[in-house]
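Okay, so here's the structure we're looking at.
The values are calculated or read from the model by the stated rules, or taken from the named source; none is laboratory data. Quantities reported herein were computed from a predicted structural model and do not represent experimental measurements. Virtual Cβ from ideal backbone geometry, glycine too; neighbours counted across all protein chains shown.
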Amino acid sequence: MNAHPIALPPGATLQPGRGGLERLVVDTPACVGEIYLHGAHLTGWQPRGDAPVLWLSAHSVFEPGRPIRGGIPICFPWFGPHPADASRPPHGFVRLAPWTLERVTREADTITATLALAVAADREPLWPHDVALRLEARFGRELAVAFTVENRGTTACPVAEALHTYVAVGDIRQVTLEGLGGIAYIDKVKGGVRAVQDVAPLTFDGETDRPYLGTEAAVAIVDPALRRRIVVEKEGSRTTVVWNPWIAKARAMPDFGDDEWPAMVCVEAANALDDAFTLAPGASHTLRTRLRVG
Ligand code: BG6
């Protein structure tokens with residue numbers, strides 16, 4: 001719980017969520033949404049009149065120290081397994097940490113929540129840096145998320161990061177992704193080989209796990225089953241990760257239902273692998289993603 005309660009505008013309420021974890025619930029004429037303070041993890045956004053845009057597993061765990069499966073996990077300060085020590089939490093430790101809700105404001109029917117997390121240099125032995133993190137989530141007819149890292153230490157810090165967005169789809173086998181044609185990627189399912197995406201839109205017929213590198217392009221998720229198109233735009237991001245676990249990997253994950261894989265696709269605004277960067281002392285960087293039903 002926050003030590004000092006903050007003022008909430010109409011349409012925003014703080015309430016216990018699943019597992020008793022605290023969450024901010026947004027309910028306005030523009031949309032409904034929710035964000036957990038645990039991990040500053042956005043778990044829902046549904047513009048009025050549309051189906052839910054974010055996917056959340058019915059099998060997700062909601063426990064301190066465990067990641068939520070679905071929504072928008074924040075991956076930081078590394079992406080995937082830690083490169084030197086696989087015993088460290090995959091995708092970093094900030095999605096596991098309790099954040100503080102700093103401010104909630106409303107402008108017309110848009111509600112903006114700002115959450116913060118201070119990371120001290122002794123927090124993680126393999127990443128000894130002092131940084132201030134901020135997550136700003138703007139819930140309206142569009143969803144806009146901004147993740148800012150400020151290096152408050154005296155040494156440069158290495159950063160790999162992602163807003164690991166899980167989008168709900170009708171059936172992944174019918175989905176096409178536009179916007180990645182001609183972009184180089186790493187195919188993690190094929191042992192990390194590098195390839196270049198065809199000009200034709202990306203389709204799915206098996207496990208897909210691909211960081212697309214050096215791209216700032218928007219991606220459109222074309223979903224005939226739900227008869228909609230979701231546009232994912234981004235800024236401050238050079239990597240777009242596309243992920244669907246398909247059958248075997250979904251079965252192997254305890255917090256992912258065996259039959260849930262057709263209903264999701266991750267399109268992640270990231271800076272990872274070749275696009276990871278170093279933040280100088282005093283510098284800050286913001287990674288943004290924006291979703292709309294178009
Ligand atoms: C994706 C990675 O972004 O996240 C995948 O590219 C990974 O390799 C997936 O399996 C889910 O990660 P996690 O740690 O949330 O199970």
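Points to keep in mind about this one:
- No other residue among L163, L177, L143 is away from the ligand (no atom under 16 Å from the Cβ) and in contact (Cβ under 8 Å) with a residue 12 or more places away in the chain apart from L143.
- If you go through region 109-120 and keep only what is without any contact (Cβ under 8 Å) to a residue 60 or more places away in the chain and assigned to a strand (DSSP E or B), you end up with T112, T114, A116, A118, V119.
- Residue among I68, I35 that alone is within 21 Å of R290 (Cα to Cα) and either part of a loop (DSSP other than H, G, I, E, B) or within 11 Å of the ligand (Cβ to nearest atom) (or both): I68
- Any chance P98 is touching a residue at least 12 places away in the same chain (Cβ under 8 Å), touching a Leu at 6+ places or on another chain (Cβ under 7 Å) and more than 21 Å from M253 (Cβ to Cβ): yes
- Of all residues making up region 121-140, the number that are more than 19 Å from the chain's Cα centre (by Cα) and in contact (Cβ under 8 Å) with a residue 12 or more places away in the chain: 8
- Only one of the numbered conditions (1) among the acidic types (D, E); (2) within 15 Å of the ligand (Cβ to nearest atom); (3) exposed (fewer than 13 other Cβ atoms within 10 Å of the Cβ) is violated by D187, and that is (3).
- Enumeration of residues in region 41-65 that are touching a helix residue (DSSP H, G or I) at 6+ places or on another chain (Cβ under 7 Å), part of a loop (DSSP other than H, G, I, E, B) and surrounded by 14 or more Cβ atoms within 10 Å (Cβ to Cβ): W55, F62, E63
- Boolean, G19 is outside any strand (DSSP E or B), of a type outside the set (S, T, N, Q), touching a residue at least 40 places away in the same chain (Cβ under 8 Å) and closer than 21 Å to N244 by Cα: no
- Some residue of region 8-26 being within 30 Å of D275 (Cα to Cα) and among the β-branched types (V, I, T): no
- Any chance E216 is acidic (D, E) and within 14 Å of the ligand (Cβ to nearest atom): no
- When residues of region 236-264 are limited to those that are within 11 Å of the ligand (Cβ to nearest atom) and touching a Leu at 6+ places or on another chain (Cβ under 8 Å), the one nearest to R66 (Cα to Cα): V242
- Among (1) within 29 Å of A121 (Cα to Cα); (2) charged (D, E, K, R); (3) surrounded by 15 or more Cβ atoms within 10 Å (Cβ to Cβ); (4) in contact with a Pro (Cβ under 9 Å, 6 or more places away or on another chain) - the single one E207 does not satisfy: (1)
- Exactly one residue among R95, R106 is at pLDDT 95 or above, closer than 21 Å to L163 by Cα, in contact with a strand residue (DSSP E or B) (Cβ under 8 Å, 6 or more places away or on another chain) and not in a loop (DSSP other than H, G, I, E, B), and that residue is R95.
- The criterion of at least 2 residues that are crowded, with 19+ Cβ neighbours inside 10 Å is met by the following strands (runs of 3 or more DSSP E) wholly inside region 242-294: 264-271, 284-293.
- Selection within region 72-86 - under 21 Å from V167 (Cβ atoms) and surrounded by fewer than 23 Cβ atoms within 10 Å (Cβ to Cβ): G80
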